[in-house]
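A short reminder: the numbers here are calculations on the coordinates, not readings from a lab. Bear in mind that the values here come from a model prediction, so they are computed numbers and not experimental data. When we count neighbours, we look across all protein chains shown, and the Cβ atoms used for this are built from the backbone with ideal geometry, even at glycine.
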Amino acid sequence: MSSTELPSVPAASVLPRVSPVRVAEGERLRSVGLSGVTLTVRSRRPAREGLPPALYVHGLGGSSQNWSALMRELDGVVDSEAVDLPGFGDSPPPDDGDYSVTGHARAVISYLDAAGRGPVHLFGNSLGGAVATRVCAVRPDLVRTLTLVSPALPELRVQRTAVPTGLLSVPGVAALFTRLTKAWTAEQRVRGVMALCYGDPGRVSPEAFRHAVEELERRLRLPYFWDAMTRSARGLVNAYTLGGQHGLWRQAERVLAPTLLIYGGRDQLVGYRMAQKAARSFPDSRLLSLPDAGHVAMMEYPETVAGAFRELLAEAGELELVPGAAASSGEGSFSGASASDSGGSAEGGPGDAGGPADEGVPATAGTDSGGGCAATGAGG
């Protein structure tokens, strides 16, 4: 191992005790032991019996808390659960140290198989979008519908603001960055992440900002945080280079489930115009374009995202849509798309490309050494 490489951290047996993860009203956390991995699962009590199950997968540096606002909006529609991927949120590192996209997908599949909840309505944001795409391609029996918010799928042209997160995958960069930013406060770091991940950081309430700072301070005490970030970023970069049947775009073409694609016009990490390619690649897709949203539309505009999901269910014959409850609700453009019709709602976006990056390290302003976009809206 190179002297600049972060060491692999053993799993839960050596972990220190840190402050507990925040649990919002109506939520509960539980720990699920699986083969080689332990996952923390966040859930809400179903509004009634018999609701179809849904599972939410966060992005790089995020946690299940990224989905709290959307889960609340979908009470009465689905039975919601969100996972903390291995090494993130309240989940300890995987026993084998595998933070690849395939490794994360394997953890999600293992949980769904063990829980017997499939097929589920599967949601993914950024890195979680890549993970969800792979899950859907290799185990279509586990997925009813697929909803992707700014999915981290391969792009050739990298926008400048996404480069630093991609560099996080380079051995030694995380350690160097930690030394250079040692004097930064948690507040500075969180503000930097909000500037990177939100289309309008002003949408974050003072209470949510305080929760984000507390969560970042908690994560800074975890000895494996940078290891999980670095190895997951490297895993995402490696997934971008795969060709053939294992390539993410090729796997997107194999997705059978009805798919909702959501892109933000102010996303600094995933290129806005990639919406067109995604809409052409996923065979049965609809495109929701939110010009004012950033990288985490489910945190910025949860009501709009929830409305679009309800429309997806209505089209699939699983939900009777209330008249007038349109997905766009004045904040975005919603249109159907297929392999031959990209829907057009993402044309003319301000971003011309994105990068192999998620929400871990911004370009210049304070970075999130603790929680990525997870530390910005849903309490961490």
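For this structure, a couple of remarks:
- When peptides 211-218, 115-122 are sorted by average Cβ neighbour count within 10 Å, with the highest value leading, the order is 211-218, 115-122.
- Over the range 31-139, the alpha carbon radius of gyration divided by the compact-protein estimate 2.2 N^0.38 Å works out to 0.98.
- Using the Cβ-Cβ distance between residue 187 and residue 117 with R0 set to 25 Å, the FRET efficiency works out to roughly 0.05.
- Each residue, residue 220 and residue 314, gets one label point 7 Å from its Cα in the Cβ direction; the gap between the two is 4.7 nm.
- Each residue of the range 41-54 was assigned a 3J(HN,Hα) from its phi angle through the Karplus curve 6.51 cos²θ - 1.76 cosθ + 1.60 (θ = phi - 60°); the sequence is 10, 9, 9, 10, 5, x, 5, 7, 6, x, 5, x, x, 10 Hz, with glycine and proline shown as x.
- Close amide-amide hydrogen proximity is noted between residue 260 and 146, 147, 148, 286, each under 5 Å apart and 5 or more residues distant or on a separate chain (H modeled in the peptide plane; Pro and chain starts excluded).
- For residue 24 and residue 254, a Förster radius of 56 Å and the Cβ-Cβ distance give a FRET efficiency of 0.95, rounded to the nearest 0.05.
- For residue 143, nonlocal amide neighbours, meaning residues 5 or more places apart or on other chains whose placed amide H falls under 5 Å from its own, are 120.
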